[in-house]
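Everything on this sheet refers to the single structure shown next.
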Amino acid sequence: MEAKRVKPVANSYMHTQPIWDAARNGRLLVQRCDDTKRLQHPPRPVSVYTGSKNLSWVEVSGFGSIYSWTVTTSAWPGHEHRVPYVCGLVLLNEGVRMLCNLINIGEAELKVGRRVRVAWEELGDGFLYPAFELLPDR
């Protein structure tokens, strides 16, 4: 039997509750500075561009490309059963980078620029976690 994954904690301090609420419906959200219309991730209490609290949440496509990655062999607590696994930095089509897990990808397939899409991992009790997988080659 596979060990259970640790679920992220949604809270107002880290400004993540909207992310997990949307994820339950398969929607990927990022913050937007409403003064500049620029996206930011991870979420913060203020805009990284202006320092204002004038922020909103926008849904993004879930498509992007591999910007960077590392193969993790020393896991965070609760993830020991997953090693080795791939942590990636994905550049979303909308221009913001997202730290994530890259799943269903062999090490030989990892290349900067490879196209990916969001793939929702079920962590139990309907909790969906955004990871990314390769788009099929055309």
Could you do me a favour and compute the accessible area per residue for the chain, 1.4 Å probe, result in Å²?
60 Å²
Signed unit charges on C-beta, dipole axis of the chain, positive-most listed residue L92, N25, V116:
L92
How many percent of the accessible area of the chain is carbon or sulfur, using a 1.4 Å probe?
53 percent
With contacts defined as alpha carbon pairs under 8 Å and 6 or more residues apart, what's the relative contact order of the range 40-138 in percent?
23 percent
Which listed residue (S68, G126, L102) has the Cα farthest towards the positive end of the charge dipole for the range 59-138, taking +1 on Lys and Arg C-beta and -1 on Asp and Glu C-beta about the Cα centre?
S68
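The values are calculated or read from the model by the stated rules, or taken from the named source; none is laboratory data. All values reported here derive from a predicted model rather than from experimental measurement. We place every Cβ from the backbone using ideal geometry, glycine too, and count neighbours over all the protein chains shown. The area values use the complete protein model at the heavy-atom level, side chains included, leaving out ligands, DNA and RNA. Shrake-Rupley method; radii C 1.70, N 1.55, O 1.52, S 1.80 Å.
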